1. For residue 79, list long-range residues whose amide hydrogen, built 1.01 Å from N in the peptide plane, is under 5 Å from its own amide hydrogen.
2. Taking the Cα of residue 131, stepping 7 Å toward and past its beta carbon, and measuring to each backbone N in the range 65-93: which are under 14 Å?
3. When you count, for each residue, the other Cβ atoms within 10 Å and take the mean per peptide, how do 118-124, 56-62, 156-162 rank with the highest first?
4. Quick one: putting +1 on the C-beta of Lys and Arg, -1 on the C-beta of Asp and Glu, what dipole do you get for the range 52-188 around its Cα centre, in Debye to the nearest 20?
5. Which three lengths, in whole Å and largest first, does the range 35-142 cover when its Cα atoms are put on their principal axes?
Amino acid sequence: MKKNIYSLFTLLLTVLLFNACKGPAGDPGPAGPQGAKGDIGAKGDPGTVSIISTGWITVSEELFKASYVPEDLITNIKFTGPDIDKISQKVLDDGIILVYNRLPTSKNVINAIPYTLDLNFYEPGLQLSYFFEARPKEVNCYIQFSKAVNDISDYVGTEEFRVVIIPGPSGLRLKNIDLRDYNAVKKAFNLED
């Protein structure tokens, strides 16, 4: 009997406690102190991104001379091929196209295109501006002369070009990669020369 009275009393007390807590909610209390910093989590799996890269493409001095248009003071070299065929309108809209060049005699000096080469010490007022234009399945590289010259072979020779294609939204983080630094790009994307 004592057990029944005790159980009944406990039940009655529980019902009263939960039913008595009615009314509007009060103002929130002050914020508590900042908690301790948690442990560093495990490193996640590396992401996969399909970076497309041509090898170094050699453009001869003769090809530069043949493509030079004196009236426009410009050369135009068109690159195509299986890797460049992967440039689609979607890649152009959402991705990144990078072009680099170097001289075969100075393979460690690599320039990100666009850039301007000041040749004022050879010819007053002469600059060569390198730039490119990408279209689906092609990349056109240009060298614009700032003024007319007698023979462009005095200023251009055999050069090598490389195209790197980074497709659109892929979750790849690029904020810490200097895209103008070929060696940083090479390291980040595991490119082989």
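Read-outs: derived from the displayed coordinates by stated rules, not from any lab. This one's a predicted model, so the numbers in the text were calculated from it and none came from an experiment. Cβ placement follows ideal geometry from the backbone for every residue including glycine, while neighbour counts extend to all protein chains displayed.
1. Here the answer is 139, 140, 141, since their amide H atoms fall under 5 Å of that of residue 79.
2. So the set is 73-76.
3. Working: 118-124: 11.1, 56-62: 14.1, 156-162: 18.1.
Ranking the peptides 118-124, 56-62, 156-162 by packing returns 156-162, 56-62, 118-124.
4. Numbers: 15 positive and 18 negative charges, 152 e Å.
My answer is approximately 720 debye.
5. Over the range 35-142, Cα extents along the principal axes are 69, 35, 26 Å.
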